[in-house]
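Since every read-out is calculated from the coordinates, none of them should be taken as a lab result. Bear in mind that the values here come from a model prediction, so they are computed numbers and not experimental data. Cβ coordinates were reconstructed from backbone atoms using ideal geometry, including for glycine residues, and neighbour counts include every protein chain displayed.
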Amino acid sequence: MDNLKNSYKKDLYSVIEDIESNSKVEIVTMIKSQSGVYRDISFFYGAVILFLAYSFFMFSPPEFDVYLIYFFTIAAFVIGFSIVEFISPIKSILISKKRKNKQVEIYARAIFQKAGIRHTKDKIGVFIYVSVFEKQTYIIADRGAEMSMPNEDWEEIKTKFQNVFSTPNFYQAVIESLQSSKPFFSKYLPPVENDVNELPDNLDVDI
Amino acid sequence: MKLYKLLYISVIALFAFFLINSILPQVTSARPGGGHSYSSGSSSSSSSSSSSSSSSGGGTYSGGSSQSGGGSGEFTWLGMLILVSIVAAAVFIDKYVTNRKEAKEILSTPTRENFRENTDKVEKAIKELKKIDPNFSKTLFLDFASSIYTKYHSWYDKPELKNLVPYMLNVRIDNNKDEAIKKHIYNIVIGSIHISEVKLQSATQGIVVTIEANYSVKQNNKRTRYIVTEKWNFFRDAGVLSHEPEKMRELSCPNCGAAANFTDAGVCESCGTLIKPGEMQWELLTSSIQNQEVFETGGLAYYAPEKGTGYETLFQKNYKNEFEVFAKNNNVEFEVWKNNFETKVAKQYFTKIYDAWSTNNLNVVRNLLTDRLYESFDFWIKNYKRKKLLNKLDNVKVYKVEFVKVDTDKFYESVTIRIAASCFDYVQNKEGKVEGGSKSIPRVFTEYWTFIRRSGVKIDDYDYSKCPNCGAPANKIGQTGICDYCDTKISNGDFSWVLSIITQDEVYKG
């Protein structure tokens, strides 16, 4: 798995390097497993299952052993919590889209700030954030980059990245989306002579 | 697997087990061959017997009577199998989930392979540059860039800054008269400098250097020390040839060679020539700060785990051929030279420098270090002394020396080796109390050491306690690297090898 990840990172960096050598833009891409913890959802549904189990014991006609009630209700909570916490598709259904979108935006903006992507002289930093659990991509373009191209073209780039989740291999789709954005950056942010990468190689993204 | 996760899974497994035991005690208490003798009258629901003998099994929580057959409270084989299966399934799921999660956290920073490719590209471009400009020397260029960097910051608030006009496209002299706001930069120490990009175009040639440095800023009578990483972009007109070492090391008029003394417009006061940007010498086009943080001495006794010791050694492309060429140029048999260098230079320098560091006394090894490396070491030694700490490196042992890179040009040769060693590395205060590291557990580490020597010099090793030029004791070599006996600078590799750079594994890019 480490080799695959390393190989993918190498390809990802190479694509970005190619874009940057043909334009003025500075791109940082991050793919994260999830943007929020959402443990409260697991606790909530664990509590719901506990309540249901307890209600069952309270209102069912048969009598139950007191130890059975005691352990079963606790186990019900644990099982309910575990199902929601560890089974991603179930958790995803139970979290509202609005909350997921918000969490992705918050995390993306936090990384943009922490990594110092705004520290380019002409404000041409672009941060592409892909959050797998929430199935969302969020693109933050610094002022110079944002104003360099029409909004319509930005929306086209954003749509391409959002559609990565509808492909069977979204890792590859991220690379393809980056490649398809190259003509836009080359056109609207053409390379300048003696341009130098202003962002460091070892970005600090530890939040 | 993390401890808390294991605990969590165990708790779930136990609860699941007890749950099953509560509902279906005959399952968990069953013995092979059906030998369990549960009374058929006692149902598993236990509703009729909740008051009786619930403690008979000493551990079961069902109606109890179903346990009277006798394995009272034992976890039998089926029960154990269920328990183990639940734990195994949970561990498998956790590992599978964890692996999927880890694979999905990816940041588009360069991998070691990307760095390696870039290094190869840079080396190839430098080779091309040497064909166009046979005088080009990487060592001298980096000395030139260091000199510009240091002087720029030192003269930041001084009228002398005008002497950098021929070397910097946009020199902004700080004319701020308000002393409270005016910045005064001093104690500049360059930790590392390397070429990160080379651009050879038809009209111009460009070299980007990455500089890691630290310096103090005094502003409004307050002092702040910064650690910075900067990228400085130099360029010159295509066709310009590099100057001799003396002109590259000391800022001078690229036309007449006089010490740098220029007007605000860049006219040499000695020869009256207007030095236009990039026409006769490298010129700084742009600079950018990639990273900046305030330096705190609180971490002097902090030990981070060694990161790159297990990394594969990064060899220069075709390093064997390159070393053969080096040996041929020096009229030596490579294997013989290599063994001699390893034993009489690498290991000797290593142990002497580490011993000197250990006693906070770099003067005894001043003749073994370049100026830049000495200043870098001196900065740290002074900080340890200020905090009344001593970084001890005891029982230094060198295990392995690998020759990874050689670079030659008209003026200098450089050899890079990777050293694997160990020592007891710890920081102690003036009372002798250990504040960081360990006196008993050796620290195993590897580092890349780069030595430089003037081309044409054949001496590898010599008596390191003496000046390599005049043979006098090497006890009067000052901070400037000049022997007080013969008044000769010996720290620039003109007489034998000097240690130029030490690079940690995780940052070495080739």
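Before moving on, here are some points about what is shown:
- For the range B:346-451, the relative contact order comes to 22 percent (Cα pairs under 8 Å, sequence separation of at least 6).
- Relative to the longest principal axis of the Cα atoms of chain A, helix A:97-114 runs at roughly 50 degrees.
- For chain A, relative contact order (Cα pairs under 8 Å, six or more residues apart, normalised by length) works out to 30 percent.
- Taking N as the residue count of the range A:39-94, its C-alpha radius of gyration divided by 2.2 N^0.38 Å amounts to 1.23.
- Test item: B:191-201 mean partner chain Cβ contacts at 10 Å: 1
- Counting other Cβ atoms within 10 Å as a rough exposure proxy, the listed residues A:Met147, B:Met168 run A:Met147, B:Met168 from fewest neighbours to most.
- Computed over the range A:39-94: relative contact order in percent, which uses C-alpha pairs under 8 Å that are six or more apart: 53
- Test item: A:63-76 mean partner chain Cβ contacts at 10 Å: 6
- Averaged over the residues of peptide B:202-210, the number of Cβ atoms from other protein chains lying within 10 Å of each residue's Cβ is 2.
- Packing-based ranking, highest mean first, of B:221-231, A:156-166 given that Cβ atoms within 10 Å are counted: A:156-166, B:221-231
- Helical contribution to [θ] at 222 nm, DSSP H n ≥ 4, -39,500 (n - 2.57), averaged over chain A, rounded to 500: -19500 deg cm²/dmol
- Nearest-ten-degree value, helix A:2-21 long axis tilted from longest Cα axis of chain A: 40
- Distance between the modelled labels on A:Glu156 and A:Gln113, one decimal in nanometres: 3.4 nm (7 Å Cα→Cβ projection).
- By the count of neighbouring beta-carbon atoms within 10 Å, fewest first, B:Val208, B:Val267, B:Val415 end up ordered B:Val267, B:Val208, B:Val415.
- Exposure proxy order (Cβ contacts within 10 Å, fewest to most) of A:Glu105, B:Glu312: B:Glu312, A:Glu105
- Residues of the range B:230-263 falling in the label zone of B:Ser270, defined by backbone nitrogen less than 16 Å from a point 7 Å along Cα to beta-carbon, are B:243-263.
- Derived scalar couplings ³J(HN,Hα) [the range B:423-440; Karplus, 6.51 cos²θ - 1.76 cosθ + 1.60; whole Hz; x for Gly, Pro]: 6, 8, 10, 8, 10, 10, 8, 5, 7, x, 7, 6, 9, x, x, 9, 8, 10
- The per residue volume of the convex hull around the alpha-carbon atoms of the range B:201-255 is 139 Å³.
- Here chain A yields Rg over Rh of 1.17, to two decimals, using C-alpha coordinates and the Kirkwood radius.
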